[in-house]
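Single-structure report; data block below.
The values are calculated or read from the model by the stated rules, or taken from the named source; none is laboratory data. Worth saying up front: this structure is predicted, and the values here are computed from it rather than measured. Cβ atoms come from the backbone with ideal geometry, glycine included; neighbour counts cover every protein chain shown.
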Amino acid sequence: MLCSSKKPSKEESKAEFNQTFKCCTYHPDIPNFLVGGILYDMTDEITDGKQRIIKAIESKISSRPNGVYAPNNYVAMYSSGDAFGHADSMGCPFYNKQNSNCSIWKYRDSVCSTWFCKYQQNDLGQIFWNDVEEYLAEIQSNLVDYILIQLGFSTASIMTFKQHGHLGFRHKILTSEEQDSLPMSEEDYNKTWGTWAGREIELYKSSYDIVANMSKSTLRSINGVESEFYENKIQSSYLNKNMLPPILKLNTLKKSNVRPFKKEGLDFIEISLFNDENAKHLPVKVQFPASLVEKFNGTKPWSDVINNSSFAPRSI
Ligand code: SF4
């Protein structure tokens with residue numbers, strides 16, 4: 001529905017995305033090194049995005065040494081309702097309404113890079129992209145920590161920065177400045193930025209330099225064993241996306257998933273598969289002779305059932 005130009009009915013409009021912002025009713029948490037990338041970029045396509053990020057830095061509301069994150073009053077409102085996709089107040093500040101596009105596309109964060117309004121292969125496609133998002137978010141966060149250590153920030157400061165943005169801010173009490181979308185007090189600002197106060201652009205560009213010049217082995221050591229865990233998880237969700245589960249069981253209650261039809265004079269059945277383990281519809285339909293279907297009773301692999309028959313199944 002995102003791409004529909006038709007005006008929705010009242011009933012439909014609740015389920016649709018905001019007509020102005022589409023699905024960009026989300027303020028991303030942009031890590032410091034990507035902010036640096038935007039500031040360095042001299043191409044025309046990023047001019048608008050660069051102005052927007054500079055405005056965000058100068059506002060002294062959502063910019064910290066770890067990046068330009070969603071302001072706390074935004075996160076509080078965002079996480080308390082179902083405004084995503086609907087409310088104008090949730091519109092992304094980096095979304096260009098005139099050309100209906102993202103002004104920082106090349107530098108969007110882990111969430112924006114992996115979110116789609118529709119997924120190939122439905123739920124399985126979504127599981128795969130969620131896994132990729134988790135992986136990128138982990139790497140993003142580790143890189144930010146590494147950069148801040150290199151730039152001389154203490155562990156205590158880094159822990160404080162982590163309490164902001166979508167993952168960090170958990171309905172804590174908003175300061176009066178945050179509630180009114182005002183800049184941090186001068187005292188708080190200087191405490192946050194330390195010796196980098198007044199040199200914010202330099203900090204973001206230095207963050208970019210650290211990542212741009214990082215060797216693969218350093219990247220690997222920063223992300224450690226966790227990245228291996230996520231890589232395996234992604235690989236398995238990618239394979240699941242494309243595989244027929246090893247054991248099939250006919251669900252006699254789900255009549256809607258079964259379509260009988262005739263082929264070359266024989267009775268056939270087409271079944272849409274459903275995964276009981278994660279309650280997900282699989283993007284696979286298989287066709288079998290009707291006589292074979294009852295043999296899928298959840299006790300043996302479908303390959304055994306097939307091997308004992310003269311038929312080869314066909315995924316469609
Ligand atoms: S950063 Fe870009 S992709 Fe992400 S919400 Fe904003 S406009 Fe949309």
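Is at least one residue of region 127-145 over 20 Å from the mean Cα position of the chain (by Cα), surrounded by 13 or more Cβ atoms within 10 Å (Cβ to Cβ) and more than 19 Å from residue 23 (Cα to Cα)?
Checked against the condition, which is being over 20 Å from the mean Cα position of the chain (by Cα), surrounded by 13 or more Cβ atoms within 10 Å (Cβ to Cβ) and more than 19 Å from residue 23 (Cα to Cα), region 127-145 yields at least one hit.
Where in region 1-100 are the helices (runs of 4 or more DSSP H), entirely inside, with at least 2 residues that are at pLDDT below 90?
Where helices (runs of 4 or more DSSP H) fall fully within region 1-100 and carry at least 2 residues being at pLDDT below 90, they are 10-15, 72-78.
Condition first: of a type outside the set (S, T, N, Q), within 12 Å of the ligand (Cβ to nearest atom) and surrounded by fewer than 18 Cβ atoms within 10 Å (Cβ to Cβ). Now tell me which residues in region 65-101 satisfy that.
Residues satisfying the conditions are 84, 91, 97.
A quick yes/no check of all residues on (1) modelled with pLDDT under 70; (2) surrounded by fewer than 16 Cβ atoms within 10 Å (Cβ to Cβ):
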| position | (1), (2) |
| --- | --- |
| 247 | no, yes |
| 252 | yes, yes |
| 259 | no, yes |
| 264 | no, yes |
| 267 | no, yes |
| 271 | no, no |
| 288 | no, no |
| 294 | no, yes |
| 308 | no, yes |
